[in-house]
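Asks: Structure below; questions to follow.
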Amino acid sequence: MAIRKAAERRGSSKGEWVRRAIERALAEEQKFNDPVARLALLDAPTADIEQMLGEIDSGRS
């Protein structure tokens, strides 16, 4: 019943809604299998590599 309602909201058939849901799930799964994509999801701060190495070296003095 929930799938039917969701499909109706999208104006598509149940089959089309299910196919799109599966495609979205597979695309999302692929993102998590890619280590670079997973790191990007962390939204961590980034810097120029030379700047980072300089900061690391200056901290070791």
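Asks: Going by the conditions given, is Asp34 at negative phi and over 11 Å from the mean Cα position of the chain (by Cα)?
Replies: In short, no.
Asks: In addition: Tell me, which residue of the stretch 46-56 that is among the acidic types (Asp, Glu) and not in a loop (DSSP other than H, G, I, E, B) is surrounded by the most Cβ atoms within 10 Å (Cβ to Cβ)? Before you say what the answer is, go through the steps one by one.
Replies: Step one: list which residues in the stretch 46-56 are among the acidic types (Asp, Glu), which gives 48, 50, 55.
Restricting the remaining residues to those that are not in a loop (DSSP other than H, G, I, E, B) gives 50, 55.
Values: Glu50: 8, Glu55: 10.
Among them, the one singled out is Glu55.
Asks: Among the residues of the stretch 1-45, which ones are surrounded by fewer than 10 Cβ atoms within 10 Å (Cβ to Cβ), assigned to a loop (DSSP other than H, G, I, E, B) and not acidic (Asp, Glu)?
Replies: Met1, Gly11, Leu42, Ala44, Pro45
Read-outs: derived from the displayed coordinates by stated rules, not from any lab. Keep in mind it's a predicted model, so treat the numbers as computed, not measured. So basically every Cβ, Gly included, is an ideal-geometry build from the backbone, and we count neighbours across all protein chains shown.
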